[in-house]
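Reviewing the structure listed below.
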Amino acid sequence: MAEPAPERRKRRRRWPVFVILVLAALLAIGFFAREHLAAWAAAKVLAMRYGVSSRLDIDHLDSHQARIGAVALGGGDEVQASDINLQFEPIAMTVQRIEIGRIEIHARYDGHELTLGELDPMLRELTAGGDGAGQAPLPSIILHKIVLTLDTPLGTLTGDGMATIDQGVVYSQFALSEPYQRSAVRLDLNATLSDHSPQPKGKVTVDLTADSALWTLLGMPQPQAGKMQFNAQLKAPPGDPTASGIRLATGALFLAADWSFSGGDLAWPAQPAPMNIQGSGRAVLTERRLDIPTFSVKATGGWSPDLALQLQGSGLANLDPERYSVQTTLDMKAQTKSANLGAVQFKSPAFDLGLQIQYAGDQLQVRPSRDGTIKFAQAAIGPSIKLTKPATFTIRKTDQTVFTLPLHPNEENPIAASAEIGGTTLELTTPALAAPVQLALPNGAIGFTVGPDGLPKYTLDLKNGTVTSTQPPLVAKNVTVSLKGQGGKLDLSLNAGTWTGPSGIGPGNLDGKASLDGNKLTASAKIGIPTAKASMTAKGGYDLGSGKGRFDLDLPEVTFVPGGLQPKDLAADLAHTTEDIAGTIAAKGPILIDKNGVTSQIALTLKNLSGKLGPIALRNLNSVVEIDKPWPLTTAADQIVSVELADVGLPLTNGLVRFKIDDGSTLSLAESHLEMMSGRVTLDPVILKLGAPAQQIHLKVDKISLGRLFELFAIAGLTGDGVLSGEIPVTLFPAGLAIDHAKLEAGGPGSLKYNQAQAPAAIANAGDSVKMALSALSDFHYDRLEVDLDRKATGDTELGLHISGRNPSFYNGYPVEFNLTVAGRLDEALRKGLAGYQVPDMIREKLKSSNQ
Amino acid sequence: CNPTVKVEAPDKPIVINLNVKIEQEVRIKVDKDVESLVNNNPNLF
Amino acid sequence: DALDDARAAGLIGERPDGYVDAVQPNPPGNIQQLISEINAQRRKVYQQLAGEKGVPVEEVAALAAEKTIAQRLKPGMFYMNSSGQWVQK
């Protein structure tokens, strides 16, 4: 049933009043419930805009002031604050003053980062500002009580303190501590926020023990023991007071401080010794950049108990969590008493390096920004090989990274280093060698990688080095060494482009491989002398510990041919002492190394050697010579050589000579037996010095045939019977020889016949007196016969025949003294050898056994 | 060549001296060349 | 020249095998140097002549020794006789 119109009209007239009443009520409720409304609105804003749940109890809200009993932000109440008092200017919408009675922050550190749960995005956004957008002056903020609890995998850190920011002055005190005094952090800050303020004052001190959680929080490796004390003094740089203070007003944080730290007995798992370290420097924190204009650090211990390390330099860190990076340039000096690298011990190594270090993308990269040096006073490889002279390795300046240390090394990117080392010379001594060996290494590269297994693999590559030793005299040029080592094991390949050895041996080459396991070195090498198309192998081992070694040499047969390959192609010095050599040599046997030097048991086989050796022409010399010492050449005692013919001005044949060579310069000949003109020749023991201007050997001759002597002199027609004995002194010069008044006598009476018909033309028509004289010789019975013999170096030989006796058909046997001298040259006659010469059995046995 | 002979009185044994020189042409030539070699290189010989 | 001065000073003598040598044992460095230089050059010319004439090199060398001793050595200079003794001309 419809209302009467006036009611509706009254009602219709009354409805604007009704609206105002409602509004007023709302306003009243709003006014009275404004606190609840505001709290509700704020919570909604925080939830929607930042996704942060929150609870607010606003006690009083009016146009100028708000009192908030309690605030809780974050799902886990990460931030709780109580009795908060805000003063604000409603029109300008600016907040003049915030006062908080107590604020509790409950954060968690999960081992990787610090988190406030839900609040993180909001915090990132709020702190992401940075271009100082809002120019409005900061409200004064007073936090009467700040309580921080930080849960970390190593326990909970609790901290409390207070902070006020009032009219541009910041004052704060804060202390953080861990249970069991694991760490204590104190912050005192008093600074003004404007640019032109007096010196800000402020100090942060941090005391950490080894098991504090702050280590990992600050991104440092956790030590097992020791303590660290760090403090920073907020101080503007002396010359620039304006560069100080905290410019929060402009939204840019700017903090300059002098800092220092000292750590005592810090022990880390990988470090063999506890480390004591202290350092100091300056730091300027602006926004997300930490600039360390200068720092210096001194440390002892760590990598080795007596290591002393000094670092000076400057650094720069970008603290933006996404692009976190550190760059530092520093000078590093380090000394230690000794250091080991595999089998090598270095004495008092000293490092002096200028490094540029970059930490980015989880990797530390180091490059030498200047030429640096690594020096050591001495070094030893095992107890027997020593580097006695101080040596310096220069690490070349380069723009490439030299050393990479990933935070988490794995197979793809292990810890790796490779640096170019500059020229250095080393001097190596070992008891086995009488004099030191010099290694001149112009350049090379050294490197190492450490895989996840922690075992370092190191490489060393050296190019065109030179090795010189004086005893024995040996020079090896463009030597390349490439070495790979891991743990105690090491593999090495060595190549010598050209080497020359004692008495001009070479030029040769060498390709060697060696491996070192602990102290045991095993090596094999191919040693060639290209000009002689000779190549020898050497295989064996050397014990660095005991200094004992053995290398088996094998030089297969080398055949000399007159006009072709000659001994001088093997060893230049032999050019003066050998000529037109034919025959074959070979060598086989061990070289033995021990404390008192290098000896050997090498069998040097000489087979059918002929040609000129010094002044003496030889034919078919055979021997197996035992060499006791390769240098200076020394043979075993009582060596024997057989020779078909030795021309010492007179043809000595079928000889067996006993000898010994000492120190490569002394040839001692023992009593030896040879033959001549079907008589026996005994060589008196004598010691010959190689290269002496002149030396004499004495041949005692027994019953040589007079007839064979005349044959030798090619006096056609003259024959005789009887045998001669006596002495033949031979003078040996380096390139010639002379027979110096040989004297022979007939043992008893004999007869001479001279057949005029066969006289050479010169004599046949020489006139009557000669004819008469020769007729005396036609059938001469001598009772005494003496022969004088002289041979000059030129080969001119003079034979003096002194006979006394008679010729029955000459003045019917009247006594006659006959002196015949024959002058001429014998050499051609001497060249022919003995028909059917057989190498003596004892020598043939040795020859057979030596080439097994 | 020029062999020389001397004969003495018979109260002592007859003494006969005979010198024979065997010459080779090769040697004579070489002799001259060596002589000129020595004299043409004063600072060497 | 250097050779003559050394020979005049009695430091260097002629050997019968055609080469020079020190008259006193272990001579000073410069003399040793001169000796090896002179001998090296002589060896070369001997080998050359011997090669041309087809005669053993030691014969050429020994002949040169005779000629040198006879014609080049001045009185008082040293040479070595067949028994290896140093003798003054």
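Here the range A:265-289 is the region considered, the condition is being among the aliphatic types (A, V, I, L, M) and without any contact (Cβ under 8 Å) to a residue 40 or more places away in the chain, and the residue that is least open to solvent (accessible area, probe 1.4 Å) is A:A273. Close Cβ contacts (under 6 Å, 6 or more residues apart or on different chains) running from residues in the range A:101-126 that are part of a strand (DSSP E or B) to residues that are acidic (D, E) comprise A:G101/A:D83; A:H106/A:E78; A:R108/A:D151. Contact annotation: residue pairs with Cβ atoms under 7 Å, 6 or more positions apart or on different chains, pairing a residue in the range A:17-35 that is touching a residue at least 12 places away in the same chain (Cβ under 8 Å) with a partner that is open to solvent by less than 100 Å² (accessible area, probe 1.4 Å) and not in a helix (DSSP H, G or I), are A:R34/A:L61; A:E35/A:I58; A:E35/A:D59; A:E35/A:H60; A:E35/A:L61. A:A432 meets the conditions (1) under 30 Å from A:S546 (Cβ atoms); (2) not in a loop (DSSP other than H, G, I, E, B) in every case but one. The failed one is (2). Within the range A:630-661, the set of residues being touching a His at 6+ places or on another chain (Cβ under 9 Å), surrounded by 19 or more Cβ atoms within 10 Å (Cβ to Cβ) and aliphatic (A, V, I, L, M) comprises A:V657 only. Scanning the range A:473-515 for residues that are part of a loop (DSSP other than H, G, I, E, B) and closer than 21 Å to A:P567 by Cβ gives A:P473, A:G501, A:G506, A:P507. With respect to A:S535, is the statement that it is assigned to a loop (DSSP other than H, G, I, E, B) and under 30 Å from A:L492 (Cα atoms) true? Against the criterion (assigned to a loop (DSSP other than H, G, I, E, B) and under 30 Å from A:L492 (Cα atoms)), A:S535 does not qualify.
Being open to solvent by less than 60 Å² (accessible area, probe 1.4 Å), closer than 24 Å to A:P409 by Cβ and touching a Pro at 6+ places or on another chain (Cβ under 9 Å) holds for only one residue in A:I374, A:I357, and it is A:I374. Counting only strands (runs of 3 or more DSSP E) wholly contained in the range A:695-795, the ones carrying 2 or more residues that are under 30 Å from C:R15 (Cα atoms) and small (G, A, S) occupy A:736-746.
Only residues that are open to solvent by 20 Å² or more (accessible area, probe 1.4 Å) and outside any loop (DSSP other than H, G, I, E, B) were counted across the range A:602-616, and they come to 10.
Scanning the range C:75-86 for residues that are more than 13 Å from the chain's Cα centre (by Cα) and either crowded, with 19+ Cβ neighbours inside 10 Å or more than 12 Å from chain A (Cβ to nearest Cβ) (or both) turns up C:P75, C:G76, C:S82, C:G84.
Inside the range C:5-26, residues that are surrounded by fewer than 22 Cβ atoms within 10 Å (Cβ to Cβ), more than 11 Å from chain A (Cβ to nearest Cβ) and in contact with a helix residue (DSSP H, G or I) (Cβ under 8 Å, 6 or more places away or on another chain) make up a count of 1.
Within the range A:467-488, residues that are in contact (Cβ under 8 Å) with a residue 12 or more places away in the chain sit with their Cβ atoms under 6 Å from residues that are in a loop (DSSP other than H, G, I, E, B) and aromatic (F, W, Y), at 6+ positions apart or across chains, in these pairs: A:P472/A:W631. The residues of the range C:46-69 that are open to solvent by less than 30 Å² (accessible area, probe 1.4 Å) and more than 13 Å from chain A (Cβ to nearest Cβ) amount to a single one, C:L49.
Of all residues in the range A:765-793, those satisfying the criterion of being at pLDDT 80 or above, farther than 21 Å from A:G726 by Cβ and more than 9 Å from chain B (Cβ to nearest Cβ) are A:S775, A:S778, A:D779, A:H781, A:A793.
For the criterion of being closer than 30 Å to A:D554 by Cα, in contact with a Leu (Cβ under 7 Å, 6 or more places away or on another chain) and surrounded by 19 or more Cβ atoms within 10 Å (Cβ to Cβ), A:V701 fails. When the residues of the range A:546-571 are filtered to those that are small (G, A, S) and closer than 25 Å to A:I381 by Cα, the one that is surrounded by the fewest Cβ atoms within 10 Å (Cβ to Cβ) is A:S546. Would you confirm, using the coordinates I've provided, whether A:A440 is within 19 Å of the chain's Cα centre (by Cα) and within 30 Å of A:Q327 (Cβ to Cβ)? The answer is no for A:A440. Taking the range A:663-694 as the range and being open to solvent by 40 Å² or more (accessible area, probe 1.4 Å), under 58 Å from the mean Cα position of the chain (by Cα) and polar (S, T, N, Q) as the test, only A:S665 passes. Elements of the type strands (runs of 3 or more DSSP E) sitting completely within the range A:267-367 and holding at least 3 residues that are at pLDDT 85 or above and under 21 Å from the mean Cα position of the chain (by Cα): these cover A:325-335, A:344-347, A:350-360.
The values are calculated or read from the model by the stated rules, or taken from the named source; none is laboratory data. Because the structure is predicted, anything quoted here is derived from the model rather than measured. FYI the Cβ positions are ideal-geometry reconstructions off the backbone, even for glycines, and counts take in every protein chain you see. Accessible surface is based on the protein model in full, side chains and every heavy atom, while ligands, DNA and RNA are left aside. Shrake-Rupley method; radii C 1.70, N 1.55, O 1.52, S 1.80 Å.
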